[in-house]
Amino acid sequence: RIRLIGGEPTLRSDFWKLLETILEVSHDVEVETNARLGAYQDFADCWGGLSGVGALVGLHGSVASMHDYLTQAPRSFSQTCMGISRLARSGVRVRTRTVVTQSNLRNADGIVELAHRLGVRSCVFSLPSAWRTRGTWESVVPPASLCVPFLARAVETARRLRIDMAIEGIPPCLDGLG
């Protein structure tokens, strides 16, 4: 799998040409994106016409106030949700990634439910590494042990909805994530 990451790849002026070039050597490509351009139907349809190109979309809350607070981009929630929905309906394999924070942890199951309503079939929850939080670790990232009951509830929600779910960055020695 080839993954395009860094910044927002869909904003590149050569995005479609880049994908065409990559598809010449790999038929398993994933683009990490905020999916906001996917809110435009023409963009979603164009992406859907490319076989083998999936999207890994940052979804940081189940409501606008939470997502927009964490992205620091007003109205990004509505654009991201519309983008996810239109990409999924256009045939794009969409997964979501939620960076686990003090702000969104308690609503992890709600994020899974929202992803399901938008047409997503796979969710990833990631605990950020210490070096990415630049000295704000305690105020941003919940202790791994606190994550267990909330992520266990999200796992149960994913099972009930038949959504694949992965958890990254949480020590495997913690019990309860089934």
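Odds and ends about this structure:
- No other residue among SER76, SER126, SER145 is modelled with pLDDT under 95 and under 16 Å from GLU32 (Cα atoms) apart from SER126.
- Selection of region 4-15 for residues being open to solvent by 70 Å² or more (accessible area, probe 1.4 Å) and of a type in the set (A, V, I, L, M, F, W, C) yields ILE5, LEU11.
- Among the residues of region 1-50, the one identified as in contact (Cβ under 8 Å) with a residue 40 or more places away in the chain, part of a helix (DSSP H, G or I) and of a type in the set (Asp, Glu) is ASP45.
- Which listed residue, of VAL100, VAL155, VAL94, VAL112, is buried (at least 17 other Cβ atoms within 10 Å of the Cβ), at pLDDT below 95 and either in contact with a Leu (Cβ under 7 Å, 6 or more places away or on another chain) or closer than 29 Å to ALA44 by Cβ (or both): VAL100
- VAL53 vs. criteria in contact (Cβ under 8 Å) with a residue 24 or more places away in the chain and either out of contact with any strand residue (DSSP E or B) (no Cβ under 9 Å at 6 or more places or on another chain) or under 20 Å from GLU168 (Cα atoms) (or both): no
The values are calculated or read from the model by the stated rules, or taken from the named source; none is laboratory data. The structure presented is a predicted model; accordingly, all values stated were derived computationally and were not measured. Every residue, glycine as well, gets a Cβ built from its backbone with ideal geometry; the counts of neighbours run over all protein chains shown. For accessibility, only protein heavy atoms count, side chains too; no ligands or nucleic acids. Shrake-Rupley method; radii C 1.70, N 1.55, O 1.52, S 1.80 Å.
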